[in-house]
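Working notes, beginning with the structure itself.
Since every read-out is calculated from the coordinates, none of them should be taken as a lab result. Everything quoted here is computed from the prediction, not taken from an experiment.
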Amino acid sequence: MTSKQLKATTNITSSKNTEKVVLVDINDQPLGTSPKATIHTSTTPLHRGFSVFIFNNSGQVLLQRRALSKITWPGIWSNSCCGHPALGESPTQAASRRLKYELGVDLPSSKIAVLLPKYRYRAELYGIVENEICPVMVALSSSAVKANPDEVAETKWLDWRDFMNILSKPNDFSAWCNEEARLLDKNSDFQEFLKKIKT
């Protein structure tokens, strides 16, 4: 394969060795791609990500503790699933793909709603930086969770209000999860989503 062909290749599989992230400018315009395996350093460039919060029919949110083998935020509790869209892949398509890979949750992209489309954050832990334009999504799922141990150490379901009470104090959840949850809690579309679950 030539270098030109290599650059043009968009791999949307979940292999740690081949997955690529989309580098962007501050207006979310693509600048190119870079291997996920090497992109996260102390000077991580701005790139596309996503976050999704999955709920069950009881209004509980699914939370995961990231695998200890993860480069970014190993062993840290966070929201249901995070990841990186491939070039040409929408945030909801990427979320559907990663939910299946990480959690065994089979959810079509049409069932995933983007509520915070322009969320952006930068966070650092153990000298590794995350720097993303990261749409935040929600979805309802009745699928059984079958966590991939390469990605997820453990999972739990919590009532949303109990979760928000935890986040109101110093806690062990990722920086982005803290901020995203607080923004969702103030979002009228999210509150309507919660009401529909519980009715």
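Quick notes
- Per-selection Kirkwood Rh - the chain (Cα, Å, 1 d.p.): 17.1
- Taking Cα atoms only, the orientation of helix 91-103 departs from the longest principal axis of the chain by about 80 degrees.
- Computed [θ] at 222 nm, deg cm²/dmol, the chain (DSSP H ≥ 4; -39,500 (n - 2.57); rounded to nearest 500): -7500 deg cm²/dmol
- Listed pairs 111/186; 118/198; 118/146; 146/198; 100/196; 36/70 exceeding 20 Å between Cα atoms: 111/186; 118/198; 118/146; 146/198; 100/196
- Anisotropy class of the range 50-101 from Cα gyration tensor, a/c 1.5 cut: oblate
- With contacts taken as Cα pairs under 8 Å and at least 6 residues apart, the chain reaches a relative contact order of 23 percent.
- Once the chain from residue 167 to residue 123 is taken as fully extended at 0.36 nm per residue, the excess over their C-alpha distance is 14.2 nm.
- Gyration tensor (alpha-carbon) shape descriptor, the range 63-149, a/c threshold 1.5: oblate
- Gain upon complete extension [residue 159, residue 29; 0.36 nm per residue less C-alpha separation]: 43.1 nm
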